[in-house]
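K.L.:
Structure in structure tokens, see below.
The values are calculated or read from the model by the stated rules, or taken from the named source; none is laboratory data. Keep in mind that this is a model prediction, so the values were computed, not measured. Cβ sites come from the backbone with ideal geometry, for glycine too, and all protein chains shown count toward neighbours. Just the protein is used for accessible areas: all its heavy atoms, side chains included, with ligands, DNA and RNA removed. Shrake-Rupley method; radii C 1.70, N 1.55, O 1.52, S 1.80 Å.
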Amino acid sequence: MINVWWLLLLLPAAALSGYLAAVRGKARVGGRRELPDAYLRGLNFLLNEEPDKAIEVFIRAIEVDSDTVEMHLALGNLFRRRGEVERATRIHRNLVARAGLDRRQRAEALFELGQDYFKAGLLDRAESLFLELIRCGRHAEQAQRYLLQVYELEKEWGKAIGAARDLAHRTGADCSAVTAQYHCEIAETALADGDYETARRNAARAVDADRRCVRATMQLGRIEAALGRHRKAIRTWRRIEEQDARFIGEVANLVASSYEIINDGEGLDEYLGKAMEKHGHIRLVLALVARLEKQAGHRQAGEFLTNWLRRKPSLEGLRRLLELRVRDASGDNRGDLELLRTLIERTVEKERNYECRNCGFTARSLHWQCPGCKNWNTFLPPSPGVPTFTGPTILTAPDGGQATAEPRRHPAAASG
């Protein structure tokens, strides 16, 4: 609190020193100007810890002297940074309404007011001001970036695509990966509505924008599976191995389900065996364990999983192994195994697998946009080995969660 009050005191003091310098300069040219009493009264209110009265005085002073515009801009910015958005908005709105501002001063006030509206969640008003700034060419790049955030928050993905294109043209920035995600958002909504044509069109545009867009490839495979074209869905999902092999576990159950629906057990065994040895992802291993359990029984599946866990330990794999072992146990041994399995299952459910490589935000489910830093394409899948535990779990996930295979009903029909 002491630091904040020092800022409030130093800000008008600095502005006043600049004001006095300007007055002295004008006095040399001719004509003396007196320091307005309003600023002395405002400083006095600040010293007496009455900021509301100080703000009233400074706002009224704008109508008297335009040389104080910079001070009011800085004061409003300070209040916004402190979270006092109403005060900041009031100061900046009064500045914008003043008729005597030059173009630069008006643009500064508009930009600050746009930020006030954005922080207050008044996105329509913020959008209007940022568009005005872009049209007049003042603070155009910053306004364009804010506009992009506005469209993301409003889920206006079509407008966001246009804004990203304009930003790339204006600054030379590479917005292809972000544009691909916007197309994927449109495709996701279309998939939920059963509009496969719109979904396919936008997922394809996402791949055109960013050849490494794993999310778009996942969506294209889901579309093929939903339409009953499972071999094409499998071929589509297998392209993820070339795009980014770290995401191969995200489609393991989807691929397995499509193979099973078309009764191609040999193809599934071959795929899982090769992919498992090459990438070592636990979800591929568990999919193969499920196949072995169906074909040869739970004991052989358990022996296979035991041998794998000796090579690459995994809590998720250990939970599955205990699930298999408990079937042959009896008496106290069975109870102990059940307890251990329950404890490990709870641990696995609470672990934070996915992590944003930009800000470190972690979650149980895959996010395509980080809830923490709001960047796209920054989440990494879990490591195939033993997970680490580093704090609370965040549960929200707009899409991308691992689907569960169901007999004769492909999980792609319901997965995000």
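K.L.:
Of these, Ser314, Ser257, which one is under 25 Å from Tyr196 (Cα atoms) and either at pLDDT below 90 or within 32 Å of the chain's Cα centre (by Cα) (or both)?
P.N.:
Sole residue among the options that is under 25 Å from Tyr196 (Cα atoms) and either at pLDDT below 90 or within 32 Å of the chain's Cα centre (by Cα) (or both): Ser257.
K.L.:
Hey, among the residues in region 100-127 that are of a type in the set (Gly, Ala, Ser) and over 15 Å from His72 (Cβ atoms), which one's nearest to the chain's Cα centre (by Cα)?
P.N.:
Ranking the qualifying residues of region 100-127, first place goes to Gly121.
K.L.:
Inside region 258-300, can you point out the residues that are under 27 Å from Ala226 (Cβ atoms) and not in a helix (DSSP H, G or I)?
P.N.:
Correct list: Ile262, Asn263, Asp264, His281.
K.L.:
Further question on the same structure: Kindly indicate which of Gln181, Gln149 is touching a residue at least 40 places away in the same chain (Cβ under 8 Å) and buried (at least 20 other Cβ atoms within 10 Å of the Cβ).
P.N.:
Gln181
K.L.:
Within region 195-203, is there a residue that is crowded, with 17+ Cβ neighbours inside 10 Å, in contact (Cβ under 8 Å) with a residue 60 or more places away in the chain and of a type outside the set (A, V, I, L, M)?
P.N.:
No - not one qualifying residue is present in region 195-203.
K.L.:
Run Arg33 past the list (1) at pLDDT 70 or above; (2) farther than 20 Å from Arg106 by Cβ; (3) surrounded by fewer than 17 Cβ atoms within 10 Å (Cβ to Cβ); (4) not hydroxyl-bearing (Ser, Thr, Tyr) and report the number of the one that doesn't hold.
P.N.:
(1)
K.L.:
Which members of region 65-107 meet the condition of being more than 22 Å from Pro51 (Cα to Cα) and either open to solvent by less than 50 Å² (accessible area, probe 1.4 Å) or assigned to a loop (DSSP other than H, G, I, E, B) (or both)?
P.N.:
Selection gives Arg98, Ala99, Gly100, Leu101, Asp102, Gln105, Ala107.
K.L.:
Among the residues in region 109-127, are any farther than 30 Å from Cys184 by Cβ and touching a Gly at 6+ places or on another chain (Cβ under 7 Å)?
P.N.:
Yes: one or more hits.
K.L.:
Going residue by residue through region 205-212, is there one that turns out to be aliphatic (A, V, I, L, M), more than 21 Å from the chain's Cα centre (by Cα) and open to solvent by less than 20 Å² (accessible area, probe 1.4 Å)?
P.N.:
So far as region 205-212 goes, no, none of its residues is aliphatic (A, V, I, L, M), more than 21 Å from the chain's Cα centre (by Cα) and open to solvent by less than 20 Å² (accessible area, probe 1.4 Å).
K.L.:
When only residues in region 130-163 that are more than 19 Å from the chain's Cα centre (by Cα), of a type outside the set (Gly, Ala, Ser) and part of a loop (DSSP other than H, G, I, E, B) count, which is modelled with the highest pLDDT?
P.N.:
His139
K.L.:
Also, I was wondering about something else. Pick out the one residue from Glu316, Glu323, Glu303 that is in contact (Cβ under 8 Å) with a residue 24 or more places away in the chain and either in a helix (DSSP H, G or I) or open to solvent by less than 10 Å² (accessible area, probe 1.4 Å) (or both).
P.N.:
Glu316
K.L.:
Here's something else I'd like to know. Considering region 124-140 alone, what residues qualify as being touching a helix residue (DSSP H, G or I) at 6+ places or on another chain (Cβ under 6 Å) and either open to solvent by 30 Å² or more (accessible area, probe 1.4 Å) or not aromatic (Phe, Trp, Tyr) (or both)?
P.N.:
Arg125, Ala126, Glu127, Leu129, Leu133, Ile134, Arg138, His139, Ala140
K.L.:
Among (1) open to solvent by 80 Å² or more (accessible area, probe 1.4 Å); (2) not in a helix (DSSP H, G or I), there is one condition Ala329 misses while meeting the rest; what is its number?
P.N.:
The one condition Ala329 does not meet is (1).
K.L.:
Another question about this same structure. Can you tell me which residues in region 231-258 are more than 24 Å from Tyr182 (Cα to Cα) and either among the polar types (S, T, N, Q) or surrounded by fewer than 23 Cβ atoms within 10 Å (Cβ to Cβ) (or both)?
P.N.:
Those that are more than 24 Å from Tyr182 (Cα to Cα) and either among the polar types (S, T, N, Q) or surrounded by fewer than 23 Cβ atoms within 10 Å (Cβ to Cβ) (or both): Arg231, Lys232, Arg235, Asn253, Ser257, Ser258.
K.L.:
Within region 213-228, track down each residue that is open to solvent by 20 Å² or more (accessible area, probe 1.4 Å) and either free of Cβ contacts under 8 Å to residues at least 12 places away in the same chain or polar (S, T, N, Q) (or both).
P.N.:
Listed by number, the list holds a single entry, Gly228.
K.L.:
Considering only region 332-377, state which residues are at positive phi and either among the hydroxyl-bearing types (Ser, Thr, Tyr) or crowded, with 18+ Cβ neighbours inside 10 Å (or both).
P.N.:
Of everything in region 332-377, just one residue is at positive phi and either among the hydroxyl-bearing types (Ser, Thr, Tyr) or crowded, with 18+ Cβ neighbours inside 10 Å (or both), namely Asn377.
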